[in-house]
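S.K.: I have a structure I would like to understand better, so I am pasting it below and will then ask my questions one at a time.
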Amino acid sequence: MSVVDPIAGTIADDLPARPPSALRIMMRDRRAFFGLVYLGILLTAAVFAPWIAPYDPNAMDYMMLEAPSWSHPLGVDDLGRDLLSRIIHGARVSIFVGVSTVAIAGVLGVMMGISAAFYRGWIDTVIMRYIDLQWAFPNILIAVYLVATFGTGLLNVIVAISLAYLDDFARVTRGMTLTVKEEQYVAAARAIGCSDWRIMARHILPNITAPVIVLATVSVSNAILAEAVLSFLGLGVSSDTPTWGLILAEARSFITRAWWLGVFPGLAIMLTVLSINFLGDSLRDLLDVRETRDIP
Amino acid sequence: MTGYILRRIFGAVIVMWAVATLVFFMLRILPGDPLAAMLFEADPSAAEELRIKFGLDQPMIVQYWKWFVLLLQGDMGNSIYGSRIPVSQILIEAAPRTISLAFLAFCVSIVIAIPAGLISALRRGRPIDHGVTFIAFLGLSMPDFWLGILLIILFAAKLGWLPAIGYEPLSAGFWPWFSHLILPATAAGTAFSAIIARMVRSSMLEVLKTDYVLVARAKGLSPWRVVMGHAFPNALIPVITVMGIAFGLLMASAVVVETVFAIKGLGRILIEGILNRDYPVVQGAILVVSFIFVFVNLLVDVLYVIIDPRIRVD
């Protein structure tokens, strides 16, 4: 039913039927589509790993260093373990570490950034001095330093990577909060007597989520890379859990004889990182966020 | 300008002091006594004796002061592992390897990235631009240590052109040095190269839109002169800032890639120190690696003021 107005013309015809959903927009972007599909497959494989993986990832066999074949699609490692099964199980650790570290770093970093910008004064000084210090070094190196002090193991690796990525979140949040807190709605909230906490949680936070979401997406890929690097260096989760970095570390002595051991685990890492970055780029366009930080 | 440079040097000294202090306290406050790792299974009285000998019975702040004074003299203690060589000696042997690797990685990256970025900007939207953009994106998503493994598989195992692992000092001749380092340098420099190529491209696209480039074109300069004489030098300024930030990435990559190629540089020393719980070595390696970072950041800041006169106003 259209209402005809002599001046404005057909109002109802000018209105779009329904704004397209975020998911639909992203599916139209070819790279984001690839990313979503790959991550969907990866996530399914990780969750259902024990049922999907053709073999037990730690089961050894007499057929050692066997090239890819129908029974072992990605080949067999030096202890006769099926590479495909190990990579599928490795996805669990990568995804778990990637998501949990970003959740921790995100929550802590956002809290630090908002309170620094909101209160200013000595709180801001203390937080920013620390953030600046950490900023002087690449995150992956900070993670190595922290593992050096805490020791290895799943929990320590998660803590180390979380702390290493804290500064990015604190920095982005602080910058955004400094602008947002000058807005009239913040003054209005204060005028009607909202508590500091309520202003930060209900008025500032919702208005700075876009850049934080983009940063969080990109950080997941960086955290997955960091976990792989730590595992590869022998500073990772543990030597009996297959992770992508560990599989590569163990393969190092055999790559000249068994190329598949060096190629496939890294391919899994690269495709994951690539997919998440595609997704991040697409989100950046979708949420209209300026470049946050280009360098991992 | 001198004031600015002095302020930056002061800032760098403060950062180094803060890193040293953090390293000292974190390794001591956290559970896990350095002596416990050292003594394995000694009896308690011997442990107490050693505790006194190393001054570990004294208040933390006194220990810190003594440690710091020794550090300023370049004494970082001895390795508690194996032959107990001084940490400073281990690091002096390792540093040139890491620095050579980082230096070569930097040179290779620049030599690839700048022409790639330039061509990409000048041929915007053409296949070559898409190609460069795609390769750069790939380079940023590839784990550096995996790239190292791929390079070994291809150039050392399959083709047999280059040695797979090890290091030769430059004093052994250029080719032995270069042939051992070129694969690790490529692995360590790829992400850096991708960042620089992207930056050169976007910076050139900005500059090509400016009025002075239009003027240069209008007065009939050859395209080569317009690009190399007018556009490129101005496009370089933001590239240098990014280079400074991304150099950290390159150094971090060098530290990781050393493990792939079995080069006993600072990164390898740090990792082995962590795995052996050799705290003096870990401390020393962290301090030296951090020092290189802080020094490079300082260098970039100073270089930036010299290159871009507009900053001096402030």
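The values are calculated or read from the model by the stated rules, or taken from the named source; none is laboratory data. Given the structure is predicted, the values throughout are model-derived calculations rather than measurements. Positions of Cβ are backbone-derived with ideal geometry, glycine not excepted, and every protein chain shown enters the neighbour counts.
S.K.: What pairs come up if the first residue lies in region A:129-142 and is facing chain B (nearest Cβ under 7 Å) and buried (at least 17 other Cβ atoms within 10 Å of the Cβ), the second is aliphatic (A, V, I, L, M) and not in a helix (DSSP H, G or I), and their beta carbons are under 9 Å apart, counting only those six or more places apart or on different chains?
M.R.: Pairs that qualify, where the first residue is facing chain B (nearest Cβ under 7 Å) and buried (at least 17 other Cβ atoms within 10 Å of the Cβ) and the partner is aliphatic (A, V, I, L, M) and not in a helix (DSSP H, G or I), are A:PRO138/A:ILE295.
S.K.: Can you tell me which residue is farthest from the other protein chains (Cβ to nearest Cβ) among those in region B:155-174 that are part of a helix (DSSP H, G or I) and more than 23 Å from the chain's Cα centre (by Cα)?
M.R.: Restricting to residues being part of a helix (DSSP H, G or I) and more than 23 Å from the chain's Cα centre (by Cα), the top hit is B:ALA172.
S.K.: Residues of region A:213-249 being assigned to a loop (DSSP other than H, G, I, E, B) and among the polar types (S, T, N, Q), which ones?
M.R.: Across region A:213-249, the qualifying residues are A:SER238, A:SER239, A:THR241, A:THR243.
S.K.: Continuing with this model, one more query. For A:VAL220, state whether it is at the interface with another protein chain (Cβ under 8 Å from one of its Cβ atoms), out of contact with any Phe, Trp or Tyr (no Cβ under 8 Å at 6 or more places or on another chain) and either crowded, with 21+ Cβ neighbours inside 10 Å or in contact (Cβ under 8 Å) with a residue 24 or more places away in the chain (or both).
M.R.: no
S.K.: Mind counting the residues in region A:38-78 that are within 20 Å of A:VAL263 (Cα to Cα), more than 21 Å from the chain's Cα centre (by Cα) and among the hydrophobic types (A, V, I, L, M, F, W, C)?
M.R.: 8
S.K.: Pick out the one residue from B:VAL294, B:VAL282, B:VAL300 that is crowded, with 24+ Cβ neighbours inside 10 Å and either in a helix (DSSP H, G or I) or out of contact with any helix residue (DSSP H, G or I) (no Cβ under 7 Å at 6 or more places or on another chain) (or both).
M.R.: From the options B:VAL294, B:VAL282, B:VAL300, the qualifying one is B:VAL282.
Residue by residue, here is whether (1) at pLDDT 85 or above; (2) surrounded by fewer than 16 Cβ atoms within 10 Å (Cβ to Cβ); (3) part of a helix (DSSP H, G or I) holds:
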position	(1), (2), (3)
B:ALA102	yes, no, yes
B:PHE106	yes, no, yes
B:ILE110	yes, no, yes
B:ARG124	yes, yes, no
B:GLY131	yes, yes, yes
B:ALA136	yes, no, yes
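S.K.: For region B:181-209, give me each residue that is more than 23 Å from B:ARG268 (Cβ to Cβ) and aliphatic (A, V, I, L, M).
M.R.: B:ALA194, B:ILE195, B:ILE196, B:ALA197, B:MET199, B:VAL200, B:MET204, B:LEU205, B:VAL207, B:LEU208
S.K.: Let me ask another. Regarding B:VAL255, is this residue within 14 Å of another protein chain (Cβ to nearest Cβ), within 20 Å of the chain's Cα centre (by Cα) and β-branched (Val, Ile, Thr)?
M.R.: So B:VAL255 fits the description; yes.
S.K.: I would also like to ask the following. Here are some residues: B:SER179, B:SER203, B:SER120. Which one is polar (S, T, N, Q), within 14 Å of chain A (Cβ to nearest Cβ), in contact (Cβ under 8 Å) with a residue 12 or more places away in the chain and surrounded by 14 or more Cβ atoms within 10 Å (Cβ to Cβ)?
M.R.: None of the other options fit; the residue is B:SER203.
S.K.: Taking the criterion of being assigned to a loop (DSSP other than H, G, I, E, B), in contact (Cβ under 8 Å) with a residue 60 or more places away in the chain and more than 10 Å from chain B (Cβ to nearest Cβ), would at least one residue in region A:256-277 satisfy it?
M.R.: Residues of region A:256-277 assigned to a loop (DSSP other than H, G, I, E, B): A:256-258.
From what is left, the residues that are in contact (Cβ under 8 Å) with a residue 60 or more places away in the chain are A:257-258.
Those left that are additionally more than 10 Å from chain B (Cβ to nearest Cβ): none.
No, region A:256-277 has no match at all.
S.K.: Here is a further query. Note down all Cβ pairs under 6 Å where the first residue falls in region B:141-152 and is assigned to a helix (DSSP H, G or I), the second is of a type in the set (Ser, Thr, Tyr), and they're at least six residues apart or on different chains.
M.R.: B:ASP144/B:SER253; B:LEU147/B:THR190
S.K.: Follow-up question, since we're still on this one. Considering only region B:180-228, state which residues are of a type in the set (S, T, N, Q) and assigned to a loop (DSSP other than H, G, I, E, B). I'd like the intermediate steps shown before the answer.
M.R.: Going residue by residue through region B:180-228, those that are of a type in the set (S, T, N, Q) are B:186, B:190, B:193, B:202-203, B:210, B:222.
Selection gives B:THR210, B:SER222.
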